[in-house]
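What follows is calculated from the coordinates using simple rules that are stated; it is not laboratory data. Keep in mind that what you see is a predicted model, and the values were worked out from it rather than measured. Here the Cβ is made from the backbone with ideal geometry for all residues, glycine too, and neighbour counts use every protein chain on show.
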Amino acid sequence: MSEIEASGPNEAQIEYWNSWMGERWVQNQEDLDQLLAPLSEAAISAAGVRRNERALDVGCGCGATSLVMADRGAITTGIDVSRPMLEHARTRAEGRSNPEFVLADAALHEFNGDFDLLFSRFGVMFFVEPVAAFANLRSALRSGGRVCFLCWQPADRNPWVSVPMAAVLPFLPPSEPVDPRAPGPFAFGDADYVSDILTQAGFDDVQAAPLERPLSLGQNATIAAEFVTRIGPVSRVLVDLDEARRNELVAEVRTTLSPYERAEGVALGAACWIVTAVNP
Ligand SMILES: C[S@@+](CC[C@H](N)C(=O)[O-])C[C@H]1O[C@@H](n2cnc3c(N)ncnc32)[C@H](O)[C@@H]1O
């Protein structure tokens, strides 16, 4: 596979997705795809994927949604900055000519303007200069081409993150307040802000429809606590801890999740936006 240089405005994100986080997404790909399936099914259905159209999957990661769109007959290209995740995506697509994968920064990549659909499952909230990035993504679409992507509503609307996070934060040193719009999973929590970005980037008919689903975190509180501290926003705040301290905090999360245990497992709510728009 070609290399990607960590440079340009998204340098830090490129480094990050090529570091432990990219590897961790690869190791947890099956669990993550299962976790996100109720959300991606709704988004792919909202995208109205058609046979023989050309689809671009932005921040495709390990390729789950690229594979689904290709299975539905769209000629699909996944683009991502993470070499380990893209290598995994290519392994999953081995022996197939569709989807194909491109290792590049979607904010800067030179597109040909021949895509009909720009799709993403949680892969477009990491641009340092989002208006410029979406203007570049618009250049990937033919005139009349459409956008459909999933992004998270704010963390406090996502108990699957906020509940375990509340269990660990009191035990961690206070952190500097961060800009809620800084690149990261919750950067697009404010739908008006997202709408402004797409409008400034030249898109028409921008809409954000709420999507809420329970997410299944594990069969019991022990498995769920282990899962949410291994991957995702809670794992990020635990990454620098030594093993003993980390284990203590995983136990705190387990205690917090216990009241949510049901016969079918531990499920907590998730809220996202399905954002749609059209390239005039
Ligand atoms: C939260 S993950 C989602 C991955 C995948 N869409 C999924 O749902 O499994 C975010 C993805 O966006 C990718 N990404 C971040 N910044 C990017 C950029 N500038 N260009 C392309 N991909 C990017 C990351 O490498 C990562 O794979």
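Please list, ordered by chain and number, the residues whose modelled amide H lies under 5 Å from the amide H of ASN98; skip anything fewer than 5 residues away on the same chain.
For ASN98, whose amide H was placed from the backbone, there are no distant partners under 5 Å.
Each residue of segment 115-129 in turn: what ³J(HN,Hα) in whole Hz from Karplus with 6.51, -1.76, 1.60 and θ = phi - 60°, glycine and Pro shown as x?
8, 8, 9, 10, 10, 7, 10, 6, x, 10, 9, 10, 7, 6, 10
Rank these for me by crowding, ASP179, ASP205, ASP190, going from fewest to most other beta carbons within 10 Å. Don't skip to the end; give the middle numbers.
On the way: ASP179 8, ASP205 13, ASP190 16.
Placing the least packed residue first, the sequence is ASP179, ASP205, ASP190.
Per residue of segment 6-11, what does 6.51 cos²θ - 1.76 cosθ + 1.60 with θ = phi - 60° give for ³J(HN,Hα)? Whole Hz please, x for Gly and Pro, Karplus curve as stated.
Whole-Hz 3J(HN,Hα) from phi for segment 6-11: 7, 8, x, x, 9, 3.
Where nothing but the Cβ of Lys and Arg (+1) and of Asp and Glu (-1) is charged, how large is the charge dipole of segment 112-164 around its Cα centre, in debye to the nearest 20? Please list the in-between numbers first.
On the way: 5 positive and 4 negative charges, 23 e Å.
Its charge dipole is roughly 120 debye.
Round to the nearest 0.05 the FRET efficiency obtained for ASN98 and ALA251 when R0 = 51 Å and r is the Cβ-Cβ distance. All intermediate terms of the calculation are to be shown ahead of the outcome.
Values: r = 46 Å, r/R0 = 0.90.
In this case the efficiency is close to 0.65.
Work out the P(r) tail for segment 146-224: percent of alpha carbon pairs separated by more than 20 Å, whole number. Could the numbers behind the result be given before it?
Numbers: 1462 of 3081 pairs.
Pairs farther apart than 20 Å: 47 percent.
Using helices alone, what [θ] at 222 nm do you get for the chain, with -39,500 (n - 2.57) per DSSP H run of 4 or more residues, divided over all residues and rounded to the nearest 500? Don't skip to the answer; put the middle values down first.
On the way: 11 runs with 112 residues, N = 280.
Theoretical 222 nm ellipticity from helices: -12000 deg cm²/dmol.
Give me the net charge of VAL49's neighbourhood, meaning all other residues with Cβ under 14 Å from the Cβ of VAL49; Lys, Arg count +1, Asp, Glu -1. Show your work: numbers first, answer last.
Numbers: positive: ARG50, ARG51, ARG54, ARG72, ARG121, ARG146; negative: GLU41, GLU53, ASP57, ASP71, ASP116.
Local net charge: +1.
About the Cα centre of the chain, what is the dipole size in debye to 20, counting +1 per Lys and Arg Cβ and -1 per Asp and Glu Cβ, all else neutral? Kindly include the intermediate steps, with their values, before the conclusion.
Details: 22 positive and 38 negative charges, 142 e Å.
With Lys and Arg at +1 and Asp and Glu at -1, about 680 debye.
For every other residue with a beta carbon closer than 12 angstrom to the beta carbon of ILE223, add +1 if it is Lys or Arg and -1 if Asp or Glu, then tell me the sum. Mind dumping the intermediate values first?
Details: positive: ARG230, ARG254; negative: ASP31, GLU226, GLU261.
Cβ neighbours under 12 Å give a net charge of -1.
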